[in-house]
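A short worksheet on the structure shown next.
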Amino acid sequence: MLIRCRNLTKIYYTGKIQVPALIEIDLDVKQGEFVAIMGPSGSGKSTMMNILGCLDTPTYGIYELDGIQIQSRTEEELARIRNRKIGFVFQTFNLLPRASALANVELPLIYAGITAEERHQKAMEALGSVSLVDRAHHKPNELSGGERQRVAVARALVTGPSLVLADEPTGNLDSKTSNEIMSLLAKLHEAGNTILVITHEQDIAKYAHRVVHLRDGKIESDAMRSVS
Amino acid sequence: MIVIWEGIKQALYSLRANPLRSLLTTLGIVIGITTVIAITSVIEGLNISFAEELATMGSNVLYVQKWAWVDKEWYKYRHYRNLGMLEYNAIAKIASDAQFISPMYRTVKDIKHGNKKAEFVMVAGVNEQYKDIRAAYPAAGRFLVKYEVEGGRPVCVLGSEVAESLFGQENPLGKNVLIDSTHFRVVGVLEKKGKFFDMNLDTVVLVPFGAFERAFGARHRSLTIVLLVPDQETIPKVENEIRAVMRRVRKVPFGKEDDFAINRVDVFKQLYEKLTGGLYATMFGVGAISLIVGGIGIMNIMLVSVTERTREIGIRKALGATNRIVLFQFLVEAVTLSAVGGIIGVVLGLLVAQLIAKVSPVPAAVRYWSVLLGLGFSSAVGILFGLWPARSAALKDPIEALRYE
């Protein structure tokens with residue numbers, strides 16, 4: 001099991017008020033799945049994404065990623081786990097504006113301590129997998145929205161992560177480009193990657209094989225679906 | 001390693017992107033390092049030309065005189081009696097530790113040879129031992145000899161510059177020079193030395209003591225008694241002996257101050273050390289204040305930079321940068337900024353030192369350690385004042401930072 005959540009609970013304390021964002025979630029995701037987590041705003045999607053992405057730790061409950069207990073890890077350990085296990089794709093791309101596409105893709109490899117030569121080679125391979133080799137030396141502001149998100153996907157893939165975590169990956173893209181990006185993710189899924197997309201758009205969720213609905217911090221439904 | 005390079009690249013990028021902002025940021029550092037480099041260069045220059053010359057002057061030479069060379073209360077000496085042969089003979093008799101001793105009268109005269117003239121030349125009446133006291137060795141001919149001194153013969157030894165201005169290419173040996181109305185035959189020319197106050201041996205004419213008295217008179221002149229002591233250790237002993245005999249001969253009552261002075265080149269050394277000490281203190285003051293101001297500038301700009309780049313910090317952390325890596329990155333950036341200021345400061349400092357050397361008599365000598373000192377100081381300032389901004393960057397919550405607009 002790649003992801004194993006048991007009793008996963010996150011409570012935010014704002015002053016004296018306790019705001020439960022996730023309540024006793026149980027969720028298992030197997031290697032190679034393509035899961036969409038859906039829900040209206042305030043349903044706990046973002047909190048779910050932060051915890052699954054090891055950016056945050058649960059208040060209590062268990063989160064196991066690839067056999068590693070994530071709860072009660074230090075910040076330094078979480079950073080290392082993120083670097084090795086998770087590839088992020090964000091709604092706003094989150095590329096470094098002053099760095100070339102290639103440099104952006106190389107960034108996680110820098111933190112993994114990989115040598116310059118190998119970095120370059122791996123980054124070029126990742127850019128190849130999103131068909132952007134010819135844009136390697138362009139800055140983000142010289143790329144279209146779709147191209148930027150493909151660079152971000154390449155960056156997410158370059159370390160060979162256990163999990164690709166996409167948070168509203170098409171939120172800033174038009175529908176045509178959105179479909180391109182989702183097709184790309186579907187292709188990566190076919191190549192064996194585990195992909196978890198967080199979205200509120202039905203159109204996007206339909207690329208996934210399994211859809212988990214969240215509402216008020218709880219799982220409302222969890223269904224396999226056949227992809228059209 | 002790569003993180004260092006990233007930090008340097010980022011800092012250089014910021015420098016290029018906001019040249020004015022960066023310039024103002026590093027201004028304090030630039031001023032501080034410029035001061036440090038310029039002043040150390042000048043002091044080092046002084047050390048070379050002044051202190052070394054001081055050393056060749058011989059710190060083992062004592063000058064017993066009416067006036068102290070360095071004294072704020074110069075006016076009290078006016079009432080002191082002149083020194084004369086009485087004092088000289090008394091000191092010569094008791095100062096057994098002194099290797100050489102000479103009386104000396106000095107005056108300033110114009111010197112003529114044919115139609116050539118050297119103006120305002122120091123003429124000194126001394127004995128034959130003065131050669132060893134001042135290491136006044138002849139480059140041509142010979143020094144004054146004992147029988148010339150005892151007989152008060154009208155002969156003279158010329159300083160190298162005097163010889164050159166009066167004789168040029170001509171050989172001065174055996175020729176006569178005219179001082180006032182007396183002809184002096186040239187018996188020697190001194191080696192070229194260097195300048196040192198009024199005792200510059202290059203611009204002096206030495207004549208036998210007796211000849212001086214006869215030609216220029218001894219009345220209203222105060223004698224200077226010059227002694228060479230073998231080493232530094234015997235100086236206090238000799239000084240005490242001289243003081244005792246001088247007080248006795250001059251009948252200074254018990255409890256009254258000396259009415260004479262025993263001078264040494266060392267007083268200039270002390271004066272010099274005071275001067276350079278003052279310069280160092282100034283350098284330290286100006287340098288420290290500028291570096292603190294510069295450091296605050298760096299801190300300020302780094303805090304701005306950290307805030308501006310909050311989202312970047314979030315991205316980096318999401319991709320696996322640990323707190324330590326983020327801290328390090330911003331620290332390297334701060335150090336790069338201040339080091340650039342330091343480099344500019346070093347270059348400016350060297351230029352200022354050259355300028356001072358050009359337009360003033362103060363020399364300048366660049367020491368590689370002063371350059372290292374400047375770069376070291378500026379980098380230290382970068383680390384010190386970059387630490388807080390870098391820490392605030394490192395401690396940012398990645399979730400908050402990613403959401404930052």
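Read-outs throughout are calculated quantities, based only on the coordinates presented, and are distinct from any laboratory measurement. This structure is a prediction, so every number in the text was calculated from the model and none was measured. Cβ sites come from the backbone with ideal geometry, for glycine too, and all protein chains shown count toward neighbours.
Observations on the structure shown:
- Working from Cα pairs under 8 Å separated by at least six residues, relative contact order for the range B:109-190 is 37 percent.
- The range A:72-184: C-alpha gyration tensor shape, a/c 1.5 cut-off, then a/b vs b/c: oblate
- Spherically averaged projected area of the range B:318-394 from its Cα convex hull (nm²): 5.9 nm²
- Cα-Cα separations in the protein assembly as shown greater than 41 Å, expressed as whole percent: 55 percent
- Rounded Å value of the spacing that divides the Cα centres of the range B:156-189 and the range A:29-69: 104 Å
- Estimated from helical segments only, the mean residue ellipticity of chain A at 222 nm is -10000 deg cm²/dmol, where each DSSP H run of four or more residues counts as -39500 (n - 2.57).
- Beta bridges by DSSP in the protein assembly as shown, antiparallel share as percent, to the nearest 5: 65 percent
- For B:Pro154, net neighbour charge (Lys/Arg +1, Asp/Glu -1) across residues whose Cβ lies under 15 Å away: +2
- Take the Cα radius of gyration of the range B:61-264 and divide it by 2.2 N^0.38 Å, N being the number of residues; the result is 1.05.
- Cβ-based exposure ranking for B:Val64, A:Val105, in which fewest neighbours within 10 Å come first: B:Val64, A:Val105
- Rg to Rh quotient for chain B, alpha carbon positions, Kirkwood Rh: 1.25
- Degrees, to the nearest 10: B:323-359 long Cα axis against longest axis of chain B: 30 degrees
- Nearest 10 degrees, 0 to 90: helix A:145-157 Cα axis against chain A principal axis: 70 degrees
- Global form of the range B:153-278, assessed from the alpha-carbon gyration tensor, a/c cut-off 1.5: oblate
- Within the range A:102-225, DSSP assigns beta bridges of which about 60% are antiparallel (rounded to the nearest 5).
- Per-residue [θ]222 nm for chain B (sum of -39500 (n - 2.57) over DSSP H runs n ≥ 4, rounded to 500): -18500 deg cm²/dmol
- Under 13 Å from B:Lys237, Cα to Cα: aspartates and glutamates that are on another chain or at least 8 residues apart: B:Asp97
- Taking a ≥ b ≥ c as the square roots of the Cα gyration tensor eigenvalues, the range B:280-373 comes out prolate, since a/c reaches at least 1.5 and a/b is larger than b/c.
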